[in-house]
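Values quoted throughout were computed directly from the atomic coordinates according to the rules given, and no laboratory measurement underlies them. Keep in mind the model is a prediction, meaning the values are calculated, not measured. Positions of Cβ are generated from backbone atoms using ideal geometry, with glycine treated the same way; all protein chains shown enter the neighbour counts.
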Amino acid sequence: MIEIAPSILSADFRRLEEQIATVEHAGASYIHVDVMDGHFVPNLTVGPFIVEWVRKATKLPIDAHLMIEAPENFIGAFARAGANMISVHPEATYHLDRTINQIRQAGCQAGVVLNPATPLAMIEEIIVEVDYVLLMSVNPGFSGQKFIPSSLDKLRRLRDLIRMKFSPARIEIDGGVGPDNAAEIVAAGAEILVAGSAVFGAENPAEALKELLLVVKSAESAKSGGRVMA
Ligand code: DX5
Ligand code: ZN
């Protein structure tokens, strides 16, 4: 089943609790939290403290996307704060295999993230060990950027790699996703769609999310040969 993970990076933090409740009721499957350190990416955002508050605001799994150097130093803190999924960038950690194991040992699903210019080869050895691969379709750091079109081809190649390796990994895509391109993104193999500005940037986030879900559902049913998915 294709799922949506709204990113709170585009939310109104003055009323974060209400914004999270809105997307939860409208059909979100996860809450995506973008953690940035001002080193790995040219922006600073939130840490475990905010994840604790997000945890109190929702029953949905929290998908923590760590855009930080040496993420291994913070895995315990994010897990204790209530993250359910933690993903790291291979360029940010010297011993990716160890870091992935640390995430698992902390009781979370483990994900690895590929920047637009990072080749799939970077994760060939680890792909059977991760629960999901997060493909960046913009350069990480900011919401509201344009989807990089070559990401579609990379998505298809990632899907093939996962099949070839018999990996259980799911595919998540992040950056510039919205109702205009969601259908082709689903057709190319993405299973979890992160959406920041397309949801929280809209005048009515609940309606925007429902519209996105409709697009995704019909793309999913087209993919399965027209069978209607529940
Ligand atoms: C970018 C973040 C994204 C961002 C997506 O570095 O990883 O999760 O919030 O925002 P949109 O959907 O607006 O591109
Ligand atoms: Zn993200």
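For the pair segment 137-176 and segment 59-78, the centres of their Cα atoms are 20 angstrom apart. Around the Cα centre of the chain, unit charges on the Cβ atoms of Lys, Arg, Asp and Glu (plus for the first two, minus for the last two) sum to a dipole of about 440 debye.
Spin-label model, residue 222 to residue 91: label points 7 Å out along the Cα-to-beta-carbon direction sit 3.3 nm apart.
Which longest uninterrupted range of the chain lacks any trypsin sites (Lys or Arg not before Pro) assigned by DSSP to a loop state (not H, G, I, E or B) and surrounded by at most 11 other Cβ atoms within 10 Å?
60-145
Would you please classify the overall shape of segment 25-173 from the alpha carbon gyration tensor, given that a ≥ b ≥ c denote the square roots of the eigenvalues, rounded means a/c under 1.5, and beyond that prolate means a/b larger than b/c while oblate covers the rest? Since a/c stays below 1.5, the shape of segment 25-173 is classed as rounded.
Based on Cβ point charges of +1 for Lys and Arg and -1 for Asp and Glu, what charge dipole magnitude is obtained for segment 170-230 about its Cα centre, in debye rounded to the nearest 20? Numbers along the way, then the final one.
Details: 5 positive and 9 negative charges, 63 e Å.
Roughly 300 debye, rounded to the nearest 20.
Which FRET efficiency value, to the nearest 0.05, do you get for residue 125 and residue 56 by plugging their Cβ-Cβ distance into 1/(1 + (r/R0)^6) with R0 = 41 Å?
Numbers: r = 38 Å, r/R0 = 0.93.
For residue 125 and residue 56, the calculated efficiency is 0.60.
For the residue pairs 56/223; 56/154; 146/210; 56/217, the alpha carbons lie more than 26 Å apart in 56/223; 56/154; 56/217.
Of all the stretches in the chain, which is the longest one without any exposed loop site, taking chymotrypsin sites (Phe, Trp or Tyr not before Pro) in a DSSP loop (any state but H, G, I, E, B) with at most 12 other Cβ atoms within 10 Å? Result, exposed sites excluded: 1-93. Available extension along the chain between residue 159 and residue 73 is 27.9 nm, counting 0.36 nm per residue and deducting the alpha carbon span.
Secondary-structure-derived ellipticity at 222 nm for the chain, considering helices only, amounts to -10500 deg cm²/dmol, per-run term -39500 (n - 2.57) for DSSP H runs with n ≥ 4.
Across segment 106-118, computed HN-Hα scalar couplings (Karplus, 6.51 cos²θ - 1.76 cosθ + 1.60, θ = phi - 60°) run 7, x, 10, 6, 10, x, 10, 10, 10, 5, x, 8, 8 Hz from first to last residue, x flagging Gly and Pro.
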